[in-house]
Every structure is written in structure tokens, then in C-alpha cells.
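The values are calculated or read from the model by the stated rules, or taken from the named source; none is laboratory data. What you see is a predicted model, and the numbers here were worked out from it, not measured in a lab. For neighbour counting, all protein chains shown are included, and Cβ atoms are generated from backbone atoms with ideal geometry for every residue, glycine included.
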Amino acid sequence: MSDAIWWQRGIVYQIYPRSFQDSDGDGVGDLRGVVRRLDYLVALGVDALWLSPIFPSPMADFGYDVEDYCDVDPLFGDLAAFDRLIGEAHRRGLKVILDLVPNHTSDRHPWFVASRASRDDPRRDWYLWHDPRPDGSPPNNWLSNFGGGGWEWDAATAQYYFHSFLKEQPDLNWRNPAVRQAIYDVLRFWLDRGVDGFRVDVIWLLIKDEQLRDNPVNPSFRPDEASQHRLLPLYTADRPEGQAIVEEMRDVLDAYDERVLIGEIYLPVERLVAYYGKDLRGAHLPFNFQLLSTAWNASGIARIIAEYEAALPPGAWPNWVLGNHDNHRIASRIGAAQAPVAAMLLLTLRGTPTIYYGEEIGMADVAIPPDEVQDPYEKQQPGIGVGRDPERTPMQWDADPNAGFTAGRPWLRLAPDHEARNVAMLAQDPTSILALYRRLIALRRTHPALAVGRLEHVVAVDEILIFERRHGAGHFAILLNFGHEDRVVARPGPEIPAIVLLSTVLDERGDALRPEIALRADEGVILDLTRLPG
């Protein structure tokens with residue numbers, strides 16, 4: 001695998017800092033806590049950790065409202081703590097990816113404070129300010145992604161400003177060259193400190209329509225959906241001018257060695273792949289979120305794999321994600337029985353996998369009572385199930401009352417099963433989902449075919465998904481039972497002696513010498529079809 005760059009052959013592990021490890025007893029995770037758990041990441045076998053935002057922030061949206069791009073919020077530590085994290089991570093061979101939030105700032109950011117002060121301020125054009133319509137109403141019908149209108153009236157200067165999310169998160173004007181250079185300077189600030197790359201928040205929203213045209217009505221909108229889906233974001237998302245911005249960001253990173261640019265992009269696959277850029281000069285990894293929303297069945301998964309692979313530009317490197325801080329946990333979406341199958345799928349598909357903290361121990365969503373809700377998205381639109389707190393609860397380290405996460409009161413309640421489902425307990429169980437993740441990751445390191453090899457022969461047979469990976473002499477078949485009943489299926493390469501390299505059940509299965517293989521309910525297996533010499 002020596003020819004593959006680290007972000008191609010490696011595995012990314014997303015940490016939501018508030019919920020990973022608290023070191024000072026305030027109930028909120030911090031950078032010192034992350035340092036404390038670096039050896040766990042090494043033992044798990046991942047290659048890079050991605051930190052959700054740690055910048056100074058009023059925390060209206062838990063760090064996605066940035067007050068200063070070039071510092072660390074005291075809740076998480078300081079720049080010295082960050083520098084120590086970088087040093088300790090690199091000493092262990094781990095890369096560090098930082099979350100960048102360039103679409104908007106906090107309304108308390110000095111840039112916006114100046115912009116709001118006067119229509120004549122030099123930074124007025126750093127944000128999206130516009131006059132009202134003749135009747136005093138907002139300039140157009142654009143909506144906030146958190147519900148309600150996207151325009152906020154400023155009485156002092158008698159104009160509206162646009163916010164794609166909370167009113168406390170005004171959007172930057174990315175058509176202004178000064179804004180672009182300011183953010184590129186932010187990139188350089190962190191790159192110079194040793195950051196190995198960035199995950200760029202809502203990268204497909206950066207540019208809005210210059211003519212301020214109304215977004216069209218969504219004919220498929222249902223009353224039970226979040227209100228922002230009432231309109232199609234034709235003029236507020238995925239604008240063609242955004243491609244040049246992504247390429248400019250890439251140019252900044254390319255001045256440094258082997259840094260990675262990851263883009264958060266919720267778009268259909270045919271638009272997603274455009275963010276690789278002309279001649280692959282865009283994002284290295286436009287996030288592929290298809291597994292977050294596709295129906296969990298063999299035929300559906302086979303279809304998205306084939307469509308994604310076919311849509312990739314020549315030379316583009318794929319990636320896959322099962323969960324993140326904005327979506328329900330995989331164990332809740334598909335059930336605990338299928339979570340091991342999902343793990344085997346994620347870690348054997350071609351491309352870079354991203355693991356969301358806690359997936360490796362089977363963490364599920366935690367029900368948050370209404371009086372404990374923290375997420376502003378849920379508070380803006382209560383009762384329709386858009387809250388993100390359930391997938392952001394503290395990491396479950398051990399069976400102590402606070403799961404080893406904090407000596408204080410956790411900022412979100414813990415899962416009711418944390419005494420049994422935690423790292424310390426599962427690490428002692430050779431058949432646990434944590435043991436499965438560790439073995440899958442170890443196999444990726446041992447066999448280049450499973451990390452960087454070709455993907456071949458993707459098919460669905462009944463409830464069984466089958467695909468193959470090849471690299472050099474290495475040849476493996478992956479068979480995944482998406483059903484809850486035992487199945488028998490013809491195996492790939494029936495003429496080749498095969499070894500069951502790994503089963504999600506983590507027991508001994510023996511060689512697969514027969515042309516058919518029996519899969520138990522909710523089981524996945526990796527077959528080694530490599531022809532032995534002689």
C-alpha cells in the first residue's frame with residue numbers, strides 16, 4: 001500500500017469533542033480528554049481523528065457559530081492544549097483533521113460586529129446584506145435550514161442579513177475576495193500548527209444566487225417534514241461558482257505535504273462527484289452520505305455502490321460514512337443485529353471509511369426528554385424529530401455511574417445501557433462488536449486488497465450482498481446477509497479453495513470448500529480466495 005496516500009489507505013474517526021472525554025469535571029469533553037484517549041484510538045487501529053469544531057463560540061449551535069477562527073474555546077482548552085494534542089497524536093502516528101466552518105460566523109465575530117455597525121463599514125460587504133422589498137418584507141423567500149425564514153431584520157442599518165442556519169449565524173459573502181483570503185489565512189494558521197487536513201462544513205452552500213431569485217416550491221413537500229424542505233434550494237445551494245472556491249481551498253492545502261480536504265455535501269451522487277473538481281483539483285473526499293439514507297437491504301445497497309463507482313471521475317478516491325453528529329446512529333437506524341454487518345460493509349468497501357465515535361461499541365440513539373433538549377435545531381422546530389442530541393451523547397468508556405466520561409454531570413444524559421455497553425466491558429469479550437471492529441481494521445492493514453484494492457462483481461442475491469476485492473495476488477469475497485433468517489448462497493470462485501477469514505459472529509467457521517455457503521441470520525463473512533502457490 002506504499003503508493004497510497006494516508007487518507008486513501010487509512011480510516012478516519014470522528015470525535016464530537018463535547019462528548020468524548022471530560023478531563024476537568026465540568027461535564028463537557030475537552031482536548032486534554034482527547035489526549036487521554038489517544039492510545040485507545042491506536043489500539044482500535046484508526047489512522048486519523050477528526051475533531052468537530054473547537055473554536056471560541058457562544059455555543060448557540062455548539063461551536064458551529066464561530067467567534068474566532070484562530071483560537072480554541074476555553075471550554076475545550078487553549079492553543080497550548082491543541083498543540084499538545086497535535087504532538088501526541090503525531091507521535092503515535094495519528095493524523096488530526098480539523099472542522100472548518102466557513103459558510104457563516106457567529107453574530108459576535110468581530111467581522112460581523114463591524115459589518116453590522118454601519119452601512120459604510122469596510123466589512124459591510126463581508127456578509128449578505130440587502131434592502132427589503134417595497135413593502136418592508138425580506139428580499140426573497142429563502143429559508144433557514146433550521147426552520148423559518150432566512151432573513152433577519154437589522155433596525156439600526158435598515159437592511160436584512162441572510163443566515164442559512166440560526167439568526168446568530170450570519171452567512172459570509174463568498175463573492176467578496178477579501179472574505180476568501182481571510183478564510184484561506186485561517187487554513188494556513190492551522191496548517192502551520194500541524195493540522196493534517198480539514199472537513200469543511202456545508203461546503204456546497206457557500207455561494208448564493210447573485211440575482212436573489214426566489215427558490216421554487218418543492219412539489220414533494222409533506223407537512224410532517226422540516227419546514228426548510230418546503231422549497232427547493234435551487235438558488236441557495238450547489239451554485240456553479242462554488243467549484244472555484246473549493247479549488248482555491250485545495251490550492252492552499254497543496255502548498256503543504258499530504259494534507260486532505262474533505263467536503264460536507266448532502267447532494268445526489270451525480271452532483272456530489274462534481275466536487276472532486278476539474279482534473280481532481282477540488283476536494284479530495286466529497287463526503288459520500290448515501291449509507292445514511294438508503295433503505296437497508298441488499299439490492300438497494302448494491303445499487304448505490306454500483307452507481308457511485310460509475311459516477312466517480314477517473315482517478316477519484318471514494319469514501320463511505322455510516323453515521324455522524326447530524327444523523328441517527330446506525331445501530332438505531334438498522335437495529336443492533338445488523339450493526340456488525342454494517343461494520344463489515346463499511347470496512348471492506350473500496351474507499352476511505354469514517355467511523356463516528358461509539359459506532360465501534362454499538363452505541364445507539366438516546367432519548368432526550370423535552371426539558372433536557374440542547375439542540376437548537378430541535379428547539380426551532382419541536383416535535384417533528386429533527387433533534388441531533390440523541391446521537392451526540394457521551395462516549396461510554398466503563399461501567400461507572402458516568403461511564404468514565406466525566407467526574408461531573410454529563411452535558412447530555414447517558415445511554416441507559418452504558419453499564420453493559422462500554423469499552424471496558426466489550427474489550428473483554430472476544431465476540432463483541434468492538435472485537436469485530438478491531439479485527440476488521442487489522443485485516444485492512446494486513447491485506448492491501450481490502451484497503452486499496454479493486455472492487456468487482458457487486459451483486460445482490462435475495463438478501464445477500466456480495467462483492468469482491470482484488471490487489472496483486474490478493475483476492476477476497478465479502479458476503480453480507482441483510483436478512484434476519486439463515487440463507488444459502490453460491491459463493492464466488494467455487495472452483496477455488498476458500499478460507500473464511502472472518503465472520504461477524506466471530507467464531508470458527510472452517511474452510512468454505514463447498515460451492516455454496518450458508519450464512520446465518522445477520523451474518524457477514526470475508527472469504528479469502530487467494531490462490532495459494534502450487
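If you check Arg421 against the conditions, is it basic (Lys, Arg), at pLDDT 95 or above, in a loop (DSSP other than H, G, I, E, B) and not assigned by TED's automatic domain parsing to the domain that holds Arg520? Here the answer is yes, as Arg421 does meet what is asked.
Within region 238-254, being in a loop (DSSP other than H, G, I, E, B) and out of contact with any Phe, Trp or Tyr (no Cβ under 6 Å at 6 or more places or on another chain) holds for Arg239, Pro240, Glu241. Restricting Arg213, Arg239, Arg222 to residues that are in the same structural domain as Gln381 (by TED's automatic domain parsing) and in contact (Cβ under 8 Å) with a residue 60 or more places away in the chain narrows the list to Arg213. Of the set (1) within 22 Å of the chain's Cα centre (by Cα); (2) modelled with pLDDT of 95 or more; (3) farther than 14 Å from Pro318 by Cα, all apply to Ala226 but (2).
For region 311-341, the candidate set comprises residues that are within 30 Å of Pro382 (Cβ to Cβ) and assigned to a helix (DSSP H, G or I); within that set, the residue that is nearest to the chain's Cα centre (by Cα) is Ile330.
Evaluating Thr294 against the criteria (1) modelled with pLDDT of 95 or more; (2) more than 30 Å from Asp251 (Cα to Cα); (3) β-branched (Val, Ile, Thr) leaves one unmet condition, (1).
Scanning region 73-106 for residues that are in a strand (DSSP E or B), more than 12 Å from Val35 (Cβ to Cβ) and not basic (Lys, Arg) yields Ile97, Leu98, Asp99, Leu100, His104. Residues in region 174-189 that are surrounded by 22 or more Cβ atoms within 10 Å (Cβ to Cβ) and either outside any helix (DSSP H, G or I) or not assigned by TED's automatic domain parsing to the domain that holds Ile207 (or both): Trp174 only. On the given criteria, is Leu79 at pLDDT 95 or above, closer than 12 Å to Pro17 by Cβ and surrounded by fewer than 21 Cβ atoms within 10 Å (Cβ to Cβ)? In short, no. Residues that are of a type in the set (Lys, Arg) and touching a residue at least 24 places away in the same chain (Cβ under 8 Å) were ranked within region 375-398; the one that is surrounded by the most Cβ atoms within 10 Å (Cβ to Cβ) is Arg392.
What number of residues in region 295-332 are charged (D, E, K, R) and touching a Lys or Arg at 6+ places or on another chain (Cβ under 8 Å)?
Looking only at that region, the number is 2.
Screening Ile11 against (1) farther than 16 Å from Gly404 by Cβ; (2) buried (at least 16 other Cβ atoms within 10 Å of the Cβ); (3) out of contact with any Pro (no Cβ under 9 Å at 6 or more places or on another chain) leaves a single unmet condition, (3). Glu152 meets all of the listed conditions (1) modelled with pLDDT of 95 or more; (2) in a loop (DSSP other than H, G, I, E, B); (3) of a type outside the set (Ser, Thr, Tyr) but one, namely (2). If we scan region 97-120, do we find a residue that is buried (at least 22 other Cβ atoms within 10 Å of the Cβ) and over 27 Å from Tyr16 (Cβ atoms)? Looking for residues that are buried (at least 22 other Cβ atoms within 10 Å of the Cβ) and over 27 Å from Tyr16 (Cβ atoms), one finds at least one in region 97-120, hence yes. Residues in region 190-213 that are part of a loop (DSSP other than H, G, I, E, B) and under 25 Å from Asp107 (Cβ atoms): 8 in all.
Being in contact (Cβ under 8 Å) with a residue 60 or more places away in the chain, within 16 Å of Asp528 (Cβ to Cβ) and surrounded by 18 or more Cβ atoms within 10 Å (Cβ to Cβ) is a property that Leu440 has.
Checked against (1) modelled with pLDDT of 95 or more; (2) surrounded by fewer than 22 Cβ atoms within 10 Å (Cβ to Cβ), Ala339 passes all but a single condition, namely (2). Residues that are buried (at least 18 other Cβ atoms within 10 Å of the Cβ) and of a type outside the set (A, V, I, L, M, F, W, C) within region 47-76 comprise Asp47, Ser52, Pro53, Pro56, Ser57, Asp61, Gly63, Tyr64, Asp65, Glu67, Tyr69, Asp73, listed in sequence order. Out of the residues in region 304-327 meeting the condition of being among the aliphatic types (A, V, I, L, M) and over 16 Å from Leu280 (Cβ atoms), tell me which one is surrounded by the fewest Cβ atoms within 10 Å (Cβ to Cβ). In this case the residue turns out to be Ala310.
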